[in-house]
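Each value in this text was obtained by applying a stated rule to the coordinates, not by laboratory testing. Nothing here was measured: the structure is a model prediction, and the numbers come from that model. Reconstructed Cβ throughout: ideal geometry from the backbone, glycine too, with neighbour counts over all protein chains shown.
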Amino acid sequence: MAGVEFVDVRKSFGAFPVIKGVDIDIADGEFVILVGPSGCGKSTLLRMLAGLENISAGEIRIGSQVVNSLPPKDRDIAMVFQNYALYPHMTVAKNMAFSLMLKNADKADMDRRVQAAAEILGLTKLLDRYPRQLSGGQRQRVAMGRAIVRDPQVFLFDEPLSNLDAKLRVAMRSEIKELHQRLKTTTVYVTHDQIEAMTMADKIVVMHDGIVEQVGAPLDLYDRPTNLFVAGFIGSPAMNMIKGRLDNDDPTAFVAADNTRLPVSNPPKEAQGKNLVYGLRPEYMRLDPAGLPAQVAVIEPTGYETQMVVRLGGTDVTCVFRERIQARPGDMIHLSIDAGHVHLFDAETGLRLT
Ligand code: ATP
């Protein structure tokens, strides 16, 4: 096993830069997820690590070895793709053994490895089937089995769950996490789904437009996003963002564009006099008859919680309550805000101030 390091890695397609200087440090055995909106460059970064794409500048290391010009087959990594890329004319067992067959591995060793991987993944009874005789989740497991039998230094996953339905995706999420806990192989996983990133990763790399916006443990990113982009990207439903400024006379009051006063605790000095964004996660509001009036626009009960969109501070604000609430669109409710969990961002730079 080995760690992975990206040092000032850049990539242009023609004159068009898509990776603009990326530094990422991945420890041996770590599960790292690259996440970001479509087109931010995460697949390109993964493909460069796999050796499927050249690097325009910088350095990629696996263990202590610089792999910039090493062909894919010599990098000792195994990649699991979105479309599984199984060979349709080969059985599950053959699909899993194929890369070992190419290396002229010993037959007994090959069988042992395939059996072991099949056992881990619950594929033992399916070894003689062909891919067309499998469900989507089973195919995905075969694709993972193919990676496992190679016992590589690093696993790469490129959106492996995006072809599965919602329920199966949740199940496979835990399977992949469990697999990693068991094998402890360094893993780099790409997704655009921040929930996948939050639930599976040791460390998340948030990318945007060819750069890394922030690297951190899932809950660190959730609680301390470095800027508006990360704050808006991590968390579902997303953080509410209300524009305004601190009151000149009372810095514990944020004044929204429609003059609604919202509570702030301990704002830093540099927030005074600036155009700000008030960042409020949906779970940090509660019903309180003495709170701020807000008009219900949408109400969505899920059974165990109630999600609402209300009009507050001149903006649509999403709230999540861990209770059932009888209300209809148009009703007025009253909300108090947990000021200790409010963030303030500089509206010009996007940086978090508190
Ligand atoms: P998605 O989630 O949609 O797959 P991504 O974050 O993985 O997005 P990439 O596939 O890495 O994004 O693409 C990053 C940028 O590079 C995009 O603007 C894309 O159009 C561009 N790009 C990717 N491959 C090529 C190529 N072979 N030639 C030219 N441009 C490319």
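Points worth noting:
- Within the straight-line cut-off of under 16 Å between alpha carbons, the lysines reachable from residue 243 are 274, sequence neighbours fewer than 8 places apart in one chain being disregarded.
- By DSSP, the beta bridges lying fully in the chain are antiparallel in about 75 percent of cases.
- With the biggest extent put first, the Cα atoms of segment 15-100 measure 43, 31, 27 Å across the principal axes.
- Given 73/103; 103/125; 20/184, the pairs whose alpha carbons are separated by over 19 Å: 103/125; 20/184
- Compared with the direct C-alpha span, the chain from residue 151 to residue 348 gains 66.1 nm at full extension, assuming 0.36 nm per residue.
- Computed from phi, the 3J(HN,Hα) profile of segment 108-113 under the Karplus parametrisation 6.51, -1.76, 1.60 (θ = phi - 60°) reads 5, 5, 4, 4, 4, 5 Hz, with x in place of Gly and Pro.
- Packing rank of 296-302, 38-44, 206-212, where each peptide gets the mean count of other beta carbons within 10 Å, highest leading: 206-212, 38-44, 296-302
- Within the chain: Cβ-based charge dipole about Cα centre, in debye rounded to nearest 20 (Lys, Arg +1; Asp, Glu -1): 1240
- Each residue of segment 81-95 was assigned a 3J(HN,Hα) from its phi angle through the Karplus expression (A = 6.51, B = -1.76, C = 1.60, θ = phi - 60°), giving 9, 4, 9, 6, 6, 7, 7, x, 8, 10, 5, 4, 4, 5, 4 Hz with x at Gly and Pro.
- Average projection area in nm² (convex hull over Cα atoms of the chain, one quarter of hull surface): 21.5
- Shape metrics for segment 237-346, restricted to C-alpha atoms - Rg then Dmax, Å: 13.9, 44
- Of the GluC sites (Glu not before Pro) in segment 163-260, those whose Cβ has at most 11 other Cβ within 10 Å and which sit in DSSP loop: none
- Sequence ranges 65-73, 79-87, 92-100, ranked by mean other-Cβ count within 10 angstrom, highest first: 92-100, 79-87, 65-73
- Reduced Cα scattering model of segment 85-195, Debye log10 I(q)/I(0), q = 0.23 Å⁻¹: -1.44
- Gain on full stretching of the segment that runs from residue 12 to residue 304 - 0.36 nm per residue minus C-alpha separation: 100.3 nm
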